[in-house]
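**Q** Let me begin by handing over the structure; questions about it come next.
The values are calculated or read from the model by the stated rules, or taken from the named source; none is laboratory data. Given the structure is predicted, the values throughout are model-derived calculations rather than measurements. Ideal geometry is used to build each Cβ from the backbone, glycine not excepted, and the neighbour counts take in all protein chains shown.
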Amino acid sequence: MPAFKPRSVAPSAGLFPTSQSKNPFEAIHQVRKLITMFSFRSLKMRQFGLPGVVTSLIFAAAPAWSQTTAAPVSGRAIETVLAEKLSVAPGKVLTAQVVHYGPGGSSQSHHHDADVFAFVLSGKILSGEEGEEAKVYNVGEGHFERRDQHHVISKNASATEPASMLVVFIANQNASLTTFDH
């Protein structure tokens, strides 16, 4: 499970919200504005390529979520922020979700019928796939999961602080993104 560490991106490039608002609704509005700016319908996908667009979406969205969105008190909450058909891959859909973990919150073991990129927005996330050692990911780090890997642990690494991550799925249309073990 290779880690992804972003290079520095200049805020002056106009990609990030400048407001430090503590209002979570303002943060959601800012993120949705950024997502609209990176709309797949308006981008020249052949020029930027899908990886460039996904990376831009992650870098643009991360500051607004990590600075202003409150996490639930305990457990886990999921917010879908984007679901878009991909013009360069007919039958495929890109879905972006923010997973909020309260202190000590976790997900039960599961697998995804999608390729997945997870990027930590706030706190620390403990994550691991079957047969691999679990790893703690910090803010700004991410990892890739291949379709149908068995994800045996996904949890907030802190018992006292909330954590959140942006999870980007690329899946077949109508696929079940997450299937939990019984």
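**Q** Give the residues of the range 137-166 that are at positive phi and not charged (D, E, K, R), sorted by residue number. Let's see the steps before the verdict.
**A** Here is the first cut: in the range 137-166, the residues at positive phi are 140, 148.
Passing the criteria: only GLY140.
**Q** Inside the range 73-90, can you point out the residues that are in a loop (DSSP other than H, G, I, E, B) and either at pLDDT 95 or above or under 16 Å from GLY123 (Cβ atoms) (or both)? Write out each step before concluding.
**A** So the first thing to find is which residues in the range 73-90 are in a loop (DSSP other than H, G, I, E, B), and the list is 73-75, 86-90.
Residues satisfying the conditions are VAL73, SER74, GLY75.
**Q** Could you grab the pairs with beta carbons closer than 7 Å, sequence gap of 6+ or different chains, first residue in the range 109-129 and closer than 11 Å to PHE144 by Cβ, second one among the basic types (Lys, Arg) and not in a strand (DSSP E or B)?
**A** Filtered contacts from the range 109-129: ASP115/ARG146; ASP115/ARG147.
**Q** When the range 103-139 is examined, which residues are found to be closer than 17 Å to GLU161 by Cα and not in a strand (DSSP E or B)? Can you show your working first?
**A** At the first step, the residues of the range 103-139 found to be closer than 17 Å to GLU161 by Cα are 103-107, 120-127, 136-139.
Passing the criteria: PRO103, GLY104, GLY105, GLY123, LYS124, ASN138, VAL139.
**Q** In the range 91-100, which residues are over 13 Å from the mean Cα position of the chain (by Cα) and either closer than 19 Å to GLY128 by Cα or not in a strand (DSSP E or B) (or both)?
**A** As a first pass, look at the range 91-100 and keep what is over 13 Å from the mean Cα position of the chain (by Cα): 91-93.
Passing the criteria: only GLY91.
**Q** Further question: Given (1) crowded, with 20+ Cβ neighbours inside 10 Å; (2) under 23 Å from VAL93 (Cα atoms); (3) at pLDDT below 95; (4) not charged (D, E, K, R), where does SER154 come up short, assuming only one miss?
**A** (2)
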